[in-house]
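Heads up: the structure comes next, in C-alpha cells.
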Amino acid sequence: MALIVDIAVTHIAGRGRQTLVAIVGVAVGVGFSIAMAALMQGGQDDFVRQLVDTMPHVDITDEQRTARRQPAEDYFETVAISGLRPRDDRRGIINPTAATSWLESWVPGRFAASLKTQGVIRYSSREIGAAIIGVEPERESGVSPIVGKFVEGSFSALAAGGNNVLIGNTMASRLGAGFGDTITAVSSEGLTRNFKIAGLFHTGTTARDEGEAYVLLKNAQILSARPNAINEIRIKLDDPNRAPAVARRAEAELGYKAVAWQEANESILEALVVRNVIMYTVVGAIMLVAGFGIYNIISTITHEKARDIAIMKSLGFPESDMRRLFLLEGLVIGAAGSALGWLLGFSMIYALSLIRFEIAATGQEMTRLPIAWSLTHYIIASAFALGSAAVAGYLPARRAARLNPVDIVRGAT
Amino acid sequence: MSALIETERLTRILPETVPVTLVKDVTLTINDNEFVAVTGPSGSGKSSLLYLLGLLDRPTGGTLRIGGRDSEPMNERERAQTRLSTLGFVFQFHFLLPEFTARENVEIPMRKLGRLARPVMRERAGELLSSLGLGEHLDKRPDQLSGGQRQRVAVARSLANDPPLILADEPTGSLDSKSSEQVFTILQNLVRERGKTVVAVTHDLDMAARMDRRIHMVDGKIS
C-alpha cells in the first residue's frame, strides 16, 4: 500500500499546476460552502434566539384544547343533544396559588402569572385598543420581554406601586401622550381607571410596542372585576429546548392549554428546515462542480499514464491496485482541497464577522452579521468534497484498471 | 531439466468482425535454463505468443501450463501474482516509470511482492544494477540515461524478484549495435551463469543463431 501511495504522490506532484487548479477548485467549493453554512446557520440561530427571547418558552393559558363537555352530555347517553344552552364558564385559571406552587416545585426556570384583559387606552379623546396585562413585578422581571428595553423610565417603576402603567413608545406617540402623562384604561367590563405613564419601552416588535400596556396585577384584577384571578402563566426555561416536555407535563397536570414556543412557531421552524434543505442542495451543487475538476485531472492522468498502467500491470500489479492508485489520487486532491478550503472558509467567516452595518429603519442599531461557528459545517463540507472526489476519482480509475496492457505494449512496438 | 512452460494447441483469435488469428495451435515446451529465440516475419504472431506465455493476454483456445500450473482457472489477481513472482518482462522500449530513479524502478516489483525488508530491497536493487554495469547511475531518472542503459535497467527490474523465466520482446530492437551486443551478453549470462530461462522475440537472425534454440513462426504457427 505504501508503494501505491508513493506512486500516487509522484503522479500528482508531477503535474503541479494542473493539480493546483483542481485543489483550488475543491478549496473554493469547500470554503464557500462553509462560509454560506455559517451565515445561514447564524441567521437562523439569531432568528430563533430572538424568537425565543421575545416570547415565553411555555405559555399556559386558561383555555382547553377541546371544548368543555357539558354536564348534560355526561348524564344522558343520547345520540346527540342539540339546542343546549351551555353553562357560563368562569374564565381564568382556577386555584392559581396551587398551580404556581406546583410549578415552583419542579420547573427548571422562571415563571410569572399574569392577567391579560382586552381594553381601550384613552388619552385626550384618542383611543387605542390594547391588551392590558396585570403582572407581579418581581416575578415578571424574570420572564418579561420588555425589561431592559426602556426608552424612558424603567420596569422597576411598576414595583413602586400606585397606578403606574408601562406602554410602548409607538402607542404613546399614537396617543400623543408622553412620559408622566395620565391615561385612562377602559376594560371590557366597562370599568375605568386612570394610570400614570411610568415607562416607555421599545422592543422592536410592533404588536407589543403598539398594543400592550403593563399594570400591576391587582389593578388588572380590579379593572376586569375578577379579584385573585389570573389567566396566563408564562415560563422561561434555562434550556429552551426542554419546552415541549415541560409544556406536556404542565398541560397534563393543570388541564389547561400549555403551548411550547416550538409549537407556537411551527410554521416558521418548518420554513427553516426548508431553508436548510436548499442550503445543502447548493452546497451539493458546488461540490459537484468541484468534482468535475477532480474527474478531469484524474481522467487526464489516467490517459497520460496509460503506458505506466501497462507497465505496472505487466510487472504484476493487479487491477485492484490500479483502481486504488487513481482513487487515492482523487482523494488526495479532495483532502488537500478540503484542508485549504477550511482555511479559506475560516478566513471568509472571520472577514464577514468584522463587517458592521446600520439598519436604516431604526438608525440606531449597529449590527454585525450573525455567524455561527460550527465544526459541523467544516465536517459536512469536507465529507461532500471527499465524497465527490472519491466518485470523480473512481470512475476514471475503474476504466484505467481495465486497460489491457497488451494494447499499449503492442501499440508502442 | 524440467518443463517450465508447456502449451498445447495454444490459440489466440481477436474477436473482430473479421476474426484475426494471432496465434494458432502452438504446442511447445520450454525447459529450465534454456535460451530460446522466437523468430519470424512481422505479424507472424511472435509477440502475441510471448504475451500469452507471460499471462498478459488470455488464449482463446488450447492450454498453457506455467511452472506446472494450468493458467486457465487463474483469476486476474492470481495471474498478476504469477507475473510478479515467476516472470520478468523486457520490452523493446525500456518501459520504465519516468518519475522514478533507476534504483526505484528496480525496487518497485520487490516492494509489490513485499518479501524483503526495505533496506534489503534497496541493497539488492543496487547490486543488480551494478552487476549490469550501472553502478554509477543508480539515482538517475530514465530520461538521464541512454537507450542501452535504460534497457539494462529494464533487465535489472525483470530480475528484481529473482524469477526463473525472463520474457524479452525485441530487447535489442531499438538499440545500436554496441548496446545490442551488451544487452545480448547480459541475457546470455542470465542463462549461463544464473540458470534462468530466457525467451526472446527477435528478428535479428544472427542473434537468434547464437541462442540455444529457435522457434520460427509464420502466420501464427510454428514452422
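The values are calculated or read from the model by the stated rules, or taken from the named source; none is laboratory data. What you see is a predicted model, and the numbers here were worked out from it, not measured in a lab. Using ideal geometry, Cβ is built from the backbone for each residue, glycine included, and neighbour counts are taken over all protein chains shown. Each accessible area value is taken on the protein alone, full model and side chains, heavy atoms only, with ligands, DNA and RNA left out. Shrake-Rupley method; radii C 1.70, N 1.55, O 1.52, S 1.80 Å.
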Worksheet item: For residues in region B:16-30 being touching a residue at least 24 places away in the same chain (Cβ under 8 Å) and farther than 22 Å from residue B:83 by Cα, which is surrounded by the most Cβ atoms within 10 Å (Cβ to Cβ)?
Response: B:24
Worksheet item: With (1) in contact (Cβ under 8 Å) with a residue 12 or more places away in the chain; (2) within 14 Å of chain B (Cβ to nearest Cβ) as the list, and residue A:315 as the residue in question, which single condition is left unmet?
Response: (1)
Worksheet entry | Scan of region B:165-216 for residues that are in a loop (DSSP other than H, G, I, E, B) and either charged (D, E, K, R) or more than 26 Å from residue A:311 (Cα to Cα) (or both), ordered by number | B:170, B:176, B:193, B:194, B:196, B:204, B:210, B:211, B:212
Worksheet entry | Residue check for residue A:367: among the polar types (S, T, N, Q) and either outside any helix (DSSP H, G or I) or not assigned by TED's automatic domain parsing to the domain that holds residue A:32 (or both) | yes
Worksheet item: Among the residues of region A:32-40, is there at least one that is out of contact with any Lys or Arg (no Cβ under 9 Å at 6 or more places or on another chain) and open to solvent by 80 Å² or more (accessible area, probe 1.4 Å)?
Response: yes
Worksheet, complete the sentence: Over region A:95-144, the set of residues assigned to a loop (DSSP other than H, G, I, E, B) and either surrounded by 21 or more Cβ atoms within 10 Å (Cβ to Cβ) or under 29 Å from the mean Cα position of the chain (by Cα) (or both) is A:107, A:108, A:141, A:142, A:143, A:144
Worksheet item: Hey, any hits in region B:83-106 for a residue that's open to solvent by 60 Å² or more (accessible area, probe 1.4 Å) and of a type in the set (Phe, Trp, Tyr)?
Response: yes
Practice prompt. Name, by its number, the condition in (1) within 13 Å of another protein chain (Cβ to nearest Cβ); (2) open to solvent by 10 Å² or more (accessible area, probe 1.4 Å) that does not hold for residue B:159.
Written response: (2)
Worksheet entry | Residues satisfying the stated conditions in region B:108-117, i.e. more than 9 Å from every other protein chain (Cβ to nearest Cβ) and either outside any helix (DSSP H, G or I) or surrounded by fewer than 23 Cβ atoms within 10 Å (Cβ to Cβ) (or both) | B:115, B:116, B:117
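Identify the residue in region B:72-86 that is of a type in the set (Asp, Glu) and more than 8 Å from chain A (Cβ to nearest Cβ) and, among all such residues, is nearest to residue B:109 (Cα to Cα). Don't jump to the end; show me each part of the working.
If we filter region B:72-86 for residues that are of a type in the set (Asp, Glu), which is where we start, we get B:72, B:76, B:78.
Filter again for more than 8 Å from chain A (Cβ to nearest Cβ), leaving B:72, B:78.
Working: B:72: 24, B:78: 15 Å.
Per the stated criteria, the residue is B:78.
Kindly indicate the residue of region B:31-82 that is hydroxyl-bearing (Ser, Thr, Tyr) and open to solvent by 10 Å² or more (accessible area, probe 1.4 Å) and also nearest to residue B:3 (Cα to Cα) among those meeting that condition. Steps first, answer last, please.
Here is the first cut: in region B:31-82, the ones hydroxyl-bearing (Ser, Thr, Tyr) are B:39, B:42, B:44, B:47-48, B:51, B:60, B:63, B:71, B:82.
Still in the list and also open to solvent by 10 Å² or more (accessible area, probe 1.4 Å): B:42, B:47, B:60, B:63, B:82.
Numbers: B:42: 28, B:47: 21, B:60: 23, B:63: 14, B:82: 16 Å.
That would be B:63.
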Worksheet item: Of (1) more than 30 Å from residue B:22 (Cβ to Cβ); (2) at pLDDT 85 or above, residue A:392 satisfies all except one. Which?
Response: (2)
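Given the structure, is residue A:157 surrounded by 15 or more Cβ atoms within 10 Å (Cβ to Cβ), in contact (Cβ under 8 Å) with a residue 24 or more places away in the chain, in contact with a Gly (Cβ under 6 Å, 6 or more places away or on another chain) and under 30 Å from residue A:262 (Cβ atoms)?
Numbers: surrounded by 15 or more Cβ atoms within 10 Å (Cβ to Cβ): yes; in contact (Cβ under 8 Å) with a residue 24 or more places away in the chain: yes; in contact with a Gly (Cβ under 6 Å, 6 or more places away or on another chain): yes; under 30 Å from residue A:262 (Cβ atoms): no.
Against the criterion (surrounded by 15 or more Cβ atoms within 10 Å (Cβ to Cβ), in contact (Cβ under 8 Å) with a residue 24 or more places away in the chain, in contact with a Gly (Cβ under 6 Å, 6 or more places away or on another chain) and under 30 Å from residue A:262 (Cβ atoms)), residue A:157 does not qualify.
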Discussion item. If I filter region A:275-283 for residues that are in a helix (DSSP H, G or I) and either modelled with pLDDT under 80 or buried (at least 23 other Cβ atoms within 10 Å of the Cβ) (or both), do I get at least one hit?
Written reply: yes
Worksheet item: From the list A:245, A:285, which residue is over 29 Å from residue A:381 (Cα atoms), away from every other protein chain (no Cβ under 14 Å) and out of contact with any helix residue (DSSP H, G or I) (no Cβ under 7 Å at 6 or more places or on another chain)?
Response: A:245
Fill in: Test: residue B:213 is within 14 Å of chain A (Cβ to nearest Cβ) and more than 14 Å from the chain's Cα centre (by Cα)
no
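Within the bounds of region B:82-102, is there any residue that is in a loop (DSSP other than H, G, I, E, B), closer than 15 Å to residue B:199 by Cβ and touching a helix residue (DSSP H, G or I) at 6+ places or on another chain (Cβ under 8 Å)? Break it down stepwise before answering.
First pass over region B:82-102, keeping only residues in a loop (DSSP other than H, G, I, E, B): B:91-101.
With closer than 15 Å to residue B:199 by Cβ added as a condition, the list becomes B:91-92.
Within this subset, residues satisfying the condition of being touching a helix residue (DSSP H, G or I) at 6+ places or on another chain (Cβ under 8 Å) are B:91-92.
Checked region B:82-102: at least one residue is in a loop (DSSP other than H, G, I, E, B), closer than 15 Å to residue B:199 by Cβ and touching a helix residue (DSSP H, G or I) at 6+ places or on another chain (Cβ under 8 Å).
Rundown of residues vs (1) at pLDDT below 85; (2) β-branched (Val, Ile, Thr), yes/no style:
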position	(1), (2)
A:81	yes, yes
A:84	yes, no
A:101	no, no
A:114	no, no
A:118	no, no
A:140	no, no
A:148	yes, no
Item to complete: State yes or no: is residue A:12 crowded, with 20+ Cβ neighbours inside 10 Å, modelled with pLDDT under 85 and not aromatic (Phe, Trp, Tyr)?
Response: yes
Worksheet, complete the sentence: Of A:264, A:247, the only residue that is more than 30 Å from residue A:405 (Cβ to Cβ) and at pLDDT below 85 is A:264
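Yes/no per residue for (1) out of contact with any Cys (no Cβ under 9 Å at 6 or more places or on another chain); (2) of a type in the set (A, V, I, L, M, F, W, C); (3) under 30 Å from residue B:114 (Cα atoms):
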residue	(1), (2), (3)
B:19	yes, no, no
B:62	yes, no, no
B:70	yes, no, yes
B:80	yes, yes, yes
B:83	yes, no, yes
B:86	yes, no, yes
